[in-house]
1. Of the conditions (1) closer than 23 Å to GLY264 by Cα; (2) at pLDDT 80 or above; (3) part of a loop (DSSP other than H, G, I, E, B), LEU61 clears all except one; give me its number.
2. Could you tell me whether any residue of the range 200-210 is surrounded by 12 or more Cβ atoms within 10 Å (Cβ to Cβ) and at pLDDT below 90?
3. Which members of the range 44-69 meet the condition of being within 9 Å of the chain's Cα centre (by Cα) and within 13 Å of GLY256 (Cβ to Cβ)?
4. Given the conditions (1) out of contact with any Leu (no Cβ under 8 Å at 6 or more places or on another chain); (2) at pLDDT 90 or above; (3) more than 24 Å from PRO47 (Cα to Cα); (4) among the acidic types (Asp, Glu), and given that GLU295 satisfies all but one, which numbered condition is not satisfied?
5. Do you know which residues across the range 230-244 are modelled with pLDDT of 90 or more and part of a helix (DSSP H, G or I)?
6. With the checklist (1) assigned to a loop (DSSP other than H, G, I, E, B); (2) exposed (fewer than 14 other Cβ atoms within 10 Å of the Cβ) in hand, flag the one item ALA170 doesn't pass.
7. Checking GLU237 against (1) touching a residue at least 60 places away in the same chain (Cβ under 8 Å); (2) in contact with a strand residue (DSSP E or B) (Cβ under 7 Å, 6 or more places away or on another chain), only one condition comes out false. Which one?
8. Restricting the search to the range 211-230, which residues are surrounded by 18 or more Cβ atoms within 10 Å (Cβ to Cβ) and either free of Cβ contacts under 8 Å to residues at least 24 places away in the same chain or not acidic (Asp, Glu) (or both)?
Amino acid sequence: MVGIGGTITLVGEIRLRTGTRIGTSEEEIEIGGLDNPVIRDPVSGYPYVPGSSLKGRARALFELAWMKSREIEPDVFFGAHHNERHECGFVRREVYEEAKEYLREDPPWLENGTCPVCRIFGSAGDGIGFSDPGRLEDERRGLGYDPYGRYRDPNDAQELSGVVDVKKEARVAFRDAHPTTYTVNDVFERAGEPTEVKHENAINRVSGEANPRSMERVPKGSRFGLEVVYRVEDGEELESDLKYLMSSLKLVEDQGIGHSTSRGYGRVEFRIAALCARSTGWYLDPGAGEGFPEEEDKDEAADEVTYLSDLEAERYEIVIRARDLEDRAYLRPEEWVERLDEVVGELPWGR
């Protein structure tokens, strides 16, 4: 049974190591204006990192890594979705015969009966899959396609009824990341503008004709407040989920985010200052909690989190702070993975 045991919030910074562009579009391009602007907050006018961009990039890279680790054919793993995104339970007709071998009993992308991609990042399926043959037969009679080109066959669905359901709400939520006070007061002020304009030239290989273009980027050295909320549903999956979440962030570090990552844009670094936890008991009776362990340096940890975010850190039941490091004691994702045993042991779900 799915339930909510509480939440864990990762708080830290996204640091830009190169100029980064997460773009938007202009309805009208003025003379002399930019044709490739960055996305900006409409109130402050400052650029920000949308949570949707960060989550989408983290999911896409984790999917590729998980598929490779399980030696799964891409056509089968991504054959479930018209956008070539993995979702459990669906396959397209052209890969159906190959997929049957995987789907009949225990698909190789499952881990202890669940798919880590879908359980962490969610699945946007319509809830009709091989795991629900009765509903499938009611809504799709005979052979055919749905609007996305996915294959429907009630008879084969009955055979494959052991496959997990496709519709899952994501356990993790990525908040929009806005520039920190340091970035606004130091980086943007020093540069004079919150963005830079990089002029590029695309050369036609045949004619040699130049095609100049201007790209707006957020400058190197800018920092954005990172806030990722993980919903605790199963204590037994807590450690592996946190590990995969940290791994997905590390993949984004190495692969980049946004536009033109192959040309040097979008190199980022994640620094996580604290993991802040609240139990379901806290939400139902704020302040009461369920016996979270106390930290001797909780006040100091709360100050650390407050510096980074608008979160009321002192109202969390436990704040596990990055310790024993310089640079405001931030840890990289892989360093948190190294101490996950210790971290999970401090949480009641992991006992």
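The values are calculated or read from the model by the stated rules, or taken from the named source; none is laboratory data. From a predicted model like this one, the values you see are computed outputs, not experimental measurements. Neighbour counts run over all protein chains shown; Cβ positions are idealised from the backbone, glycine included.
1. (3)
2. Filtering the range 200-210 down to residues surrounded by 12 or more Cβ atoms within 10 Å (Cβ to Cβ) leaves 200.
Then drop every residue that is not at pLDDT below 90, which leaves 200.
Taking every residue of the range 200-210 in turn, at least one turns out to be surrounded by 12 or more Cβ atoms within 10 Å (Cβ to Cβ) and at pLDDT below 90.
3. SER53, LEU54, ARG57, ALA58, ALA60
4. In the conditions (1) out of contact with any Leu (no Cβ under 8 Å at 6 or more places or on another chain); (2) at pLDDT 90 or above; (3) more than 24 Å from PRO47 (Cα to Cα); (4) among the acidic types (Asp, Glu), GLU295 misses (2) alone.
5. GLU237, LEU238, GLU239, SER240, ASP241, LEU242, LYS243, TYR244
6. Condition (2) is where ALA170 drops out.
7. Just one mismatch for GLU237, condition (2).
8. MET215, ARG217, VAL218, PRO219, SER222, ARG223, PHE224, GLY225, LEU226, VAL228, TYR230
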